[in-house]
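What follows is a single structure, written as structure tokens, with notes after it.
None of the figures in this text is laboratory data; all of them are computed from the coordinates on show. Nothing here was measured: the structure is a model prediction, and the numbers come from that model. Backbone-built Cβ (ideal geometry, glycine too); neighbour counts: all protein chains shown.
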Amino acid sequence: MSLAFAPSPATLPGVVGDQLRVPLVTGEQVSYANLDHAASAPCLEPVRRAVDELLPWYASVHRGAGLASQVCTRVYERARDVLRRFVGARPDAAVVFTRNTTDALNLLARALPKGTTVVRFDSDHHAALLPWRGRQVRRVGVPASPEEAIAALDRTLAACPVGPRLVVLTGASNVTGEVWPIAELSAVARRHGARVVLDAAQLAPHRPVRATEWDVDWVALSGHKLYAPFGAGALVGVADWLRAAEPYLIGGGATRQVVDLGERLGVSWAAVPERHEAGSPNVIGVHALAAACDALCELGWDTITAHEQVLVETLRAGLGRIPGVRQLALWAPDHPRVGVVSFAVDGVDPGLLATALSAEHGVGVRDGAFCAHLTTRSLLTGAGVDGERALRASIGLGTNPEHVERFLGALARLVEHDPRWCYRLVDGRWTPDPDPRPLPSFLDGDVVRGGAPCGSGTMTG
């Protein structure tokens, strides 16, 4: 697809850092090409403005008599309505603010009734894979197709013991970007009387979330994926299991009353959501999260999708033309996906490639197993790659066509000609040797490691 059809950058909200220029080991400076949105998306300019507006009013929430405290309380509680609308939840859905998706899913894991059987796919991110340890867990392997995912879930639920059941679903893979058949999988869960929690961390920045339409009970998401990197996330959904559970954290705010019973303290706990939000809440982070949700909805999902699809199709097509590149996918090449592409290059350490892309070209990508070790290992094996780590390029509203083209050109040159710099392993990570790039001034202008290039590099280490 031609890049001429991409939405004009003028129609997109700016992101903090879109003017950032970074030094290269060769002494030049270039604009930073951030192709690591799947890890943490940059802050939207509307979000920064919202935070700047609130900061002079920053105060404690809920019990303060001062006007600033009342303003922050209004902001904090209003954000719950924003989150309900954003994920398409029912008007009476509980909204518990957390640190991120991992925190939200761990909160739900702590609230499961005794005897609950958890059904989850091996292809899940670790945030959705691991919190259920110590519970009855039924694993579903990495499915070969969406149809196999549906059939495998049906078989697994049919074999589950009697009692409460929870199905853990992923909205979009953080390894491949492929969108899961949420509505169909949820329908299977309902036929078996199971509840559903959706890990929407990778889906929510790219596609609308429709909790009620998909009939899911809870949605977990992270602000740092949603262009609001201020340390807030949320669990949105039905309240009964949360209401019956012991508080996730114990302390101020989670209590209704504490009395002295002599040898022990008597405690009555607050209602949901306060029951699971002990301690002083992250008012700024919650406000930023709500502002990001509003900004994305105002921009419109058609605009977001059009911008990203042009770039991801260009990215995938360009990778397909580079010899030795093996793109990773769960399912068919034409399956819908968000802007995440993972791949391996024959005979090249992915960490070395990622380091050279940054040091010599100002391109930021991610290497590793992406906190989804089972998935990445399975996909690499399926692609005929002997290894456990890959490269991932991910795009979003902070990505423009030049970033994608620069990445593709740099990768092709590195694969064909090897890098211009030397690299060595330090504590298991590749680093330029030497690394003369100065750090930013707020770090006192330190240099990572001074010196001059030692000659031509090698992509085989």
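For the range 46-298, the equivalent ellipsoid derived from the Cα gyration tensor has semi-axes of 32, 24, 13 Å, listed largest first.
Remark: relative contact order (the chain) = 20 percent; criterion is Cα-Cα distance under 8 angstrom and separation of 6 or more residues. Between the exposed loop cleavage positions of the chain, defined as trypsin sites (Lys or Arg not before Pro) in a non-H, G, I, E, B DSSP state with at most 12 neighbouring beta-carbon atoms within 10 angstrom, the longest gap is 322-461.
Dividing the helix sum by the residues of the chain, where each DSSP H run of 4 or more adds -39500 (n - 2.57), gives a mean residue ellipticity at 222 nm of -10000 deg cm²/dmol. Between Gln257 and Ala383, the modelled labels are 6.1 nm apart [label points 7 Å from Cα along Cα→Cβ].
The distance between label points at Leu265 and Arg85 comes to 3.9 nm (points 7 Å beyond Cα on the Cα→Cβ vector). Here the calculated FRET efficiency for Val137 and Thr212, from their Cβ-Cβ distance with R0 = 30 Å, stands at 0.65, rounded to the nearest 0.05. Note on the chain: Cα Rg divided by 2.2 N^0.38 Å, N the number of residues, gives 1.04.
You can think of it this way: the chain between Glu402 and Arg74 has 113.9 nm of extra reach, that is 0.36 nm per residue less the Cα-Cα gap. Evaluated on the range 191-252, the Kirkwood hydrodynamic radius is 13.3 Å, with distances taken between all distinct Cα atoms. Taking label points 7 Å from Cα along the Cα-to-Cβ direction, Arg155 and Arg190 give a separation of 2.5 nm.
In the range 295-369, the convex hull through the Cα atoms has an average projected area of 6.5 nm², a quarter of its surface area.
By other beta-carbon atoms within 10 Å, ranking Phe343, Phe370 with the fewest at the front produces Phe370, Phe343. Between the helical axis of 283-299 and the longest alpha-carbon principal axis of the chain there is an angle of about 70 degrees. For the range 210-309, the convex hull spanned by the alpha carbon atoms encloses 115 Å³ per residue.
Counting only DSSP beta bridges whose two residues both lie in the range 46-298, roughly 50 percent are antiparallel. What angle, in degrees between 0 and 90 and rounded to the nearest 10, separates the Cα long axis of helix 67-87 from the longest principal axis of the Cα atoms of the chain? Helix 67-87 sits roughly 70 degrees off the main axis of the chain.
Over the range 46-298, Cα pairs under 8 Å with separation of 6+ residues give a relative contact order of 26 percent.
Between helix 182-191 and the chain there is an angle of about 40 degrees, using the helix long axis and the longest principal axis of the Cα atoms. Within the chain, what is the longest stretch that has no GluC sites (Glu not before Pro) placed in a DSSP loop and near at most 15 other beta-carbon atoms within 10 Å? The segment 29-262 is the longest one with no such site. Fully extending the segment from Cys422 to Cys297, taken as 0.36 nm per residue of separation minus the present Cα-Cα distance, adds 40.4 nm.
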